[in-house]
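Heads up: the structure comes next, in structure tokens.
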Amino acid sequence: MERDDKAAKKADPSLQGGWPSRAQLHRWLNGELKGLPYSGHCRVLEAMFPGRSAHELFATAAVEIPAQRTEPEPARSAGPDVAANAPQLADVTAVFSSRSAFSSAYPASSLLDDAKEINAAGLSLNILCQSCPDHQLKRLLDSGTRIRCLFLDVKGQAIRAREAEEGYTDSTRTTLTALNISMLTRLRDRLDTTSAQCLELHVYDETIRFNLLIVDRALCVVQPYLPQARGVNSPTFVITDNTAAEGLFPVFDQVFRDMWERSKPV
């Protein structure tokens, strides 16, 4: 208040002792004042804040309020809208750049250990014949698991065409496929009649397009055969049947069924 009294005395000695009260100051600060204070109070305030008029001191700060948008602001994106162009994955649950990458994530034991039905089609079917030991396959067959294997016919033209495409001149694919068929045939011969009936071996002689492994009519592993590339280097897709209207599982399940019907037993 001493400062207020000095300002009042400076502005006009007659105003000394007539400075604004504390209550008045609170009303001013709370915006309760309509218009300007008494002229004497204005003169005191102008003396306290040199260079500022009473009008300036009590002016309401103008705050710019953005106008309400009538249309949504367009998305700021460097490319096309992601949501609108999101890939439709259907029932594909995993994709790998090669069979080795797939095998690291999905070991054969984890895929097949509790299976009740296994359908496999391809060239040499190494995932069954080279990745699963005989005792595991025997245990599955003895427990009633049905295993159907569809090999590329070692006596046919398709396997030779595939060898030529991959650049083999020494019947490498034919020899490996014959070895795998022989391994499963010997295993079947050692089984009792009931278990042996659960293991079916067929061959087909058609242009090879896919390596398929279907487990329990629920999980499908698909590999396309690429030109001049070994199967181990092919991308691998894992498909889980979720009854999607546009799912891929029924497509490849039907591919196996059709090939099986056209094949012949070993």
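The values are calculated or read from the model by the stated rules, or taken from the named source; none is laboratory data. Model, not experiment: these values are computed from the prediction. Cβ atoms come from the backbone with ideal geometry, glycine included; neighbour counts cover every protein chain shown.
When segment 180-210 is filtered for residues that are under 14 Å from Cys129 (Cα atoms) and in a strand (DSSP E or B), the ones remaining, listed by number, are Leu199, Glu200, Leu201. Taking every residue in segment 101-127 that is farther than 20 Å from Trp260 by Cα and touching a residue at least 12 places away in the same chain (Cβ under 8 Å) and pairing it with any residue that is assigned to a strand (DSSP E or B) and aromatic (Phe, Trp, Tyr), at least 6 positions away or on another chain, the pairs with Cβ-Cβ distances below 8 Å are Phe102/Phe96. Here Asp216 fits the description: acidic (Asp, Glu) and within 30 Å of Asp91 (Cβ to Cβ). Of all residues in segment 247-259, none that is farther than 14 Å from Arg209 by Cα and basic (Lys, Arg) has its Cβ atom under 9 Å from the Cβ atom of a residue that is at pLDDT 95 or above and in a helix (DSSP H, G or I), 6 or more apart or on another chain.
Residue-by-condition table, conditions (1) touching a strand residue (DSSP E or B) at 6+ places or on another chain (Cβ under 8 Å); (2) acidic (Asp, Glu); (3) in the same structural domain as Leu125 (by TED's automatic domain parsing); (4) surrounded by 14 or more Cβ atoms within 10 Å (Cβ to Cβ):
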site	(1), (2), (3), (4)
Asp205	yes, yes, yes, yes
Cys220	yes, no, yes, yes
Glu246	no, yes, yes, no
Phe249	yes, no, yes, yes
Asp253	yes, yes, yes, yes
Glu261	no, yes, yes, no
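Condition check: among the hydroxyl-bearing types (Ser, Thr, Tyr) and surrounded by fewer than 18 Cβ atoms within 10 Å (Cβ to Cβ). Does Thr236 satisfy that? Spelling it out, it is not the case that Thr236 is among the hydroxyl-bearing types (Ser, Thr, Tyr) and surrounded by fewer than 18 Cβ atoms within 10 Å (Cβ to Cβ). Pairs are defined by a Cβ separation below 6 Å, a sequence spacing of at least 6 or placement on different chains, a first member in segment 134-148 that is assigned by TED's automatic domain parsing to the domain that holds Leu179 and among the polar types (S, T, N, Q), and a second member that is at pLDDT 95 or above and exposed (fewer than 15 other Cβ atoms within 10 Å of the Cβ); the pairs so defined are Thr145/Lys116.
Among the residues of segment 112-169, which ones are in a strand (DSSP E or B) and either modelled with pLDDT under 95 or surrounded by fewer than 18 Cβ atoms within 10 Å (Cβ to Cβ) (or both)? Glu117, Arg146, listed by residue number.
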